[in-house]
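Below: the structure, in structure tokens.
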Amino acid sequence: MKLQQLSLFLENRPGRLGAPLEAIAAEGINILTLSLADTAQFGILRLIVREWDKAKRVLEEAGWVVNLTEVVAVDLLDRPGGLAQALKILEGANLNIEYMYAFSLRRGDKAILIFRFEDPDRAIQVLLDKGLHVVDGDELMSFVS
């Protein structure tokens, strides 16, 4: 139920974001979702792609340092309070969220959010125990086929 996310550090200058994206595009790898965070000097590009192992190899061969992390996709009600309800469950279980971002897809009354947890296995169990739907990789990929 965990997804593999690629993270790259990029110089915070014009033109630095396009190069890694062009490298994976040239290999026919489509980005399912991404997040970009910045500081004054550097940015962190986080990507979820279908062929993460191929993308990692392509990016590393092109000279980028790529970090692989496990994230969790959670299906939440897309209405006021949907996210707050999930956060209350996670807080009640004393689970630390390192960061999160929205998946660029909506299914009916559901939105998918990507979470990076300090303890993803425990987070998955807590979410499942509380009746929330954790989206596995195959299911996530089927939404964007």
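Readers should treat all values here as calculations from the given coordinates under stated rules, not as data from a laboratory. In this text, all values refer to a predicted model and were calculated from it rather than measured experimentally. Quick reminder, even Gly has a Cβ in these numbers, built from the backbone with ideal geometry, and neighbours come from all protein chains shown.
For the range 70-145, the list of GluC sites (Glu not before Pro) that fall in a loop by DSSP and count at most 13 other C-beta atoms within 10 angstrom reads 118. Taking the chain as a Gaussian network of alpha-carbon nodes connected by springs under 10 Å, the highest mean-square fluctuation of the residues 46, 57, 116 belongs to 57. Applying a threshold of 29 Å to the alpha-carbon distances of 54/130; 56/130; 2/130 flags 54/130; 56/130 as lying beyond it.
Taking the charge dipole of the range 2-69 about its Cα centre, with +1 at Lys and Arg Cβ atoms and -1 at Asp and Glu Cβ atoms, the residue from 69, 24, 41 reaching farthest to the positive side is 69. Over the chain, the alpha carbon radius of gyration divided by the compact-protein estimate 2.2 N^0.38 Å works out to 1.09.
With all projection directions averaged, the alpha carbon convex hull of the range 2-69 covers 4.3 nm². For the range 72-143, the convex hull drawn through the C-alpha positions has a volume of 83 cubic angstrom per residue. Around the amide H of residue 78, modelled in the peptide plane, lie the amide H atoms of 110, 111, all under 5 Å away and 5 or more residues distant in sequence or on another chain. So how tilted is helix 120-129 from the main axis of the chain? Cα-based, degrees 0 to 90, rounded to 10. It is inclined by approximately 30 degrees.
Helix content alone sets the calculated 222 nm mean residue ellipticity of the chain: runs of n ≥ 4 DSSP H residues at -39500 (n - 2.57) each, divided across all residues, give -9500 deg cm²/dmol. Against the main long axis of the alpha-carbon atoms of the chain, helix 52-61 sits at an angle near 30°.
Using θ = phi - 60° in the Karplus curve 6.51 cos²θ - 1.76 cosθ + 1.60, the 3J(HN,Hα) couplings for the range 63-76 round to x, 8, 8, 10, 9, 9, 10, 9, 10, 10, 9, 10, 7, 10 Hz; x is entered for Gly and Pro. Taking amide H positions as modeled 1.01 Å from N, with prolines and chain starts lacking one, the residues under 5 Å from residue 33 and 5 or more places away or on another chain are 48. The magnitude of the dipole of the range 72-143, with charges of +1 and -1 set on the Cβ of Lys/Arg and Asp/Glu and taken from the Cα centre, is near 320 debye.
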